[in-house]
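Taking it in order: structure first as structure tokens, then the write-up.
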Amino acid sequence: MAFESINPADGKTLKVIDTWDDHQIDAALQQAADAAPRWSGTPLAERCEGMRRVAAVLRGRAEELARTMTLEMGKLIKESRAEVEKCAWVCDYYADNATEFLADESIKTDAGNSYVAYQPLGTVLAIMPWNFPLWQVFRFAVPALTGGNTGVLKHASNVPQCALAIEQVFHDAELPVGVFRSLMIAAGQVSKVIADPRIHAVTLTGSEPAGKKVAACAGENLKKSVLELGGADAFIVLEDADLDETVRNAVTSRFLNAGQSCIAAKRFIVVDVIADEFVERFKDGAEKLAMGDPLDESTTLAPMARTDLRDELHQQVSRTIAQGAVVVTGCEPRPGPGAFYQPSILDDVTSGMTAYEEELFGPVASVIRARNNSDALLIANGSRYGLGGSIWTSDIARGESLARRLQSGAVFVNGMVKSDPRLPFGGIKASGYGRELSHHGLHEFLNAKTVWIK
């Protein structure tokens, strides 16, 4: 098997990269294992300085990296540039804050001295998706490496050039050999890598089925795991919401990255009294989006990452329409080359419909009408997912009260859900477990060691 890098805007093959054999995998894992004790023993200040060098390489290579992302998975070039900068930001954040986050935690007990020391586990395997091909990797790698671990990456099969470019960034930032490696392996080779004694923990961002397989394999081998899985984020619009601001954010939150984001708003739960006006304005905003070449600065809706993903999305949409949902706009692939799908809105989506029960990973919004605020919260919490959500209201106190009752890993009041290095990121229920980013994410792959001295 080989990895094919295909431009989703025109369907042309960019590059073919061979899958590694067992010898190549073993050599990379041994490099990481050999580097682990040296890297963990490197003073924290030096590891932080290494992250600053990584940030500098990212910024110096921003246009090249952005173009690689856009060509390989189709996101708008301006979104790709922003992604590179966000990766540099997370490097700066941990370089600035790791000393505080990793300091021993003194705890008063019956000892003369007792404290918690945070120490690295070893080598962490990351299994990462294609939708944010740099950011997803850096938000795992930077805290893990800053904490003294080494990392190996199994990236998505459709972004092999991004995987190799990330490894090159760490290399060119002069981190020691083996501290970060990209593995050119297929999905069928992952379980063997997880079981390898040189791997000490595993993190995955991806689908629920993939998460279950990785969690089972990690559990069988008694290894720590963190899972960031799918989401069906609720975008709750109350009757007193500022509709100008709300609709502007609704369009961005649903159609950013062609709707291919785990924390994109997917279920627009709107109180009945303003639902008609919201839908009409939402339709106008969606229809203003312009599909086209993602390298063109004027394009505002990118293609999806692969044609098979677009076709799967359309099957979900078609089933939902057959089940009684109303087409507001779009809901068809764009004819011609490329993995384009029209900006789409489904209205009157109700319980039992495909779009109500499943995650739609593409530029399709589902509008669900609620009788009142309590009903909106009940609908939002009825999902098996629990990654993020947002609440739109002019009553901040009421928004915060509802936010505390919304079952998700993150809630934003009058703001679209986003990941931020300063805040923990992750979900509950079928959206996974564990946290990335902030000091919480840094501590996920550290041994919280108790030290007690008489």
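Odds and ends about this structure:
- Candidate set from region 16-46 (those that are hydrophobic (A, V, I, L, M, F, W, C) and out of contact with any Ser or Thr (no Cβ under 9 Å at 6 or more places or on another chain)); member that is surrounded by the most Cβ atoms within 10 Å (Cβ to Cβ): 25
- Considering each residue of region 52-74 in turn, at least one proves to be more than 28 Å from residue 99 (Cα to Cα), at pLDDT 95 or above and exposed (fewer than 13 other Cβ atoms within 10 Å of the Cβ).
- Residue match in region 269-285 (condition: within 21 Å of residue 306 (Cα to Cα) and in contact with a strand residue (DSSP E or B) (Cβ under 6 Å, 6 or more places away or on another chain)): no
- Among the residues of region 155-182, none is identified as among the hydroxyl-bearing types (Ser, Thr, Tyr) and on the phi > 0 side of the Ramachandran plot.
- Among the residues listed as 306, 319, 281, 334, the single one being under 26 Å from the mean Cα position of the chain (by Cα) and either modelled with pLDDT of 95 or more or within 21 Å of residue 261 (Cβ to Cβ) (or both): 306
- Filter pass, residue 169 being among the hydrophobic types (A, V, I, L, M, F, W, C), more than 26 Å from residue 11 (Cα to Cα) and within 19 Å of the chain's Cα centre (by Cα): no
- Looking across 40, 80, one residue alone is under 21 Å from residue 159 (Cα atoms) and among the polar types (S, T, N, Q). It is 80.
- Candidates 230, 211 - the one that is within 30 Å of residue 270 (Cβ to Cβ), in contact with a strand residue (DSSP E or B) (Cβ under 7 Å, 6 or more places away or on another chain) and not aliphatic (A, V, I, L, M): 230
- The strands (runs of 3 or more DSSP E) located wholly in region 106-180 that include 2 or more residues which are within 24 Å of residue 229 (Cβ to Cβ) and not acidic (Asp, Glu) occupy 123-127, 150-154.
- When residue 185 is tested against (1) assigned to a helix (DSSP H, G or I); (2) not assigned by TED's automatic domain parsing to the domain that holds residue 388, exactly one condition is not met: (1).
- Screening 137, 159, 179 for residues that are over 26 Å from residue 118 (Cα atoms) and of a type in the set (Val, Ile, Thr) leaves exactly one candidate, 159.
- Restricting attention to region 360-371, the residues that are over 15 Å from residue 266 (Cβ atoms) and either buried (at least 20 other Cβ atoms within 10 Å of the Cβ) or of a type in the set (Asp, Glu) (or both) total 2.
- Looking only at residues of region 410-442 that are farther than 19 Å from residue 260 by Cα and without any contact (Cβ under 8 Å) to a residue 24 or more places away in the chain, we find that the one that is surrounded by the fewest Cβ atoms within 10 Å (Cβ to Cβ) is 423.
- Pairs, first farther than 23 Å from residue 309 by Cβ in region 351-375, second of a type in the set (Asp, Glu) and assigned to a loop (DSSP other than H, G, I, E, B), C-beta under 7 Å, six or more apart: 369/348
- Those residues of region 395-433 which are under 15 Å from the mean Cα position of the chain (by Cα) and farther than 24 Å from residue 444 by Cα, in sequence order: 416
- The set of residues from region 339-359 being surrounded by fewer than 24 Cβ atoms within 10 Å (Cβ to Cβ) and closer than 23 Å to residue 75 by Cα comprises 340, 342.
- Residue list for region 387-409, filter: under 19 Å from residue 232 (Cα atoms) and either without any contact (Cβ under 8 Å) to a residue 60 or more places away in the chain or aromatic (Phe, Trp, Tyr) (or both): 392, 403, 404, 405, 407, 409
- Search result, residues across region 75-113 that are aliphatic (A, V, I, L, M) and crowded, with 18+ Cβ neighbours inside 10 Å: 76, 77, 84, 88, 90, 95, 98, 102
- Residues of region 252-260 include at least one that is among the polar types (S, T, N, Q), touching a residue at least 60 places away in the same chain (Cβ under 8 Å), under 19 Å from residue 343 (Cβ atoms) and in contact with an Asp or Glu (Cβ under 9 Å, 6 or more places away or on another chain).
- Test for residue 445: is it surrounded by 22 or more Cβ atoms within 10 Å (Cβ to Cβ), under 12 Å from the mean Cα position of the chain (by Cα) and not assigned by TED's automatic domain parsing to the domain that holds residue 386: no
The values are calculated or read from the model by the stated rules, or taken from the named source; none is laboratory data. Source: prediction; values computed, not measured. Heads up, the Cβs are rebuilt from the backbone with ideal geometry, glycines too, and the neighbour counts pull from every protein chain shown.
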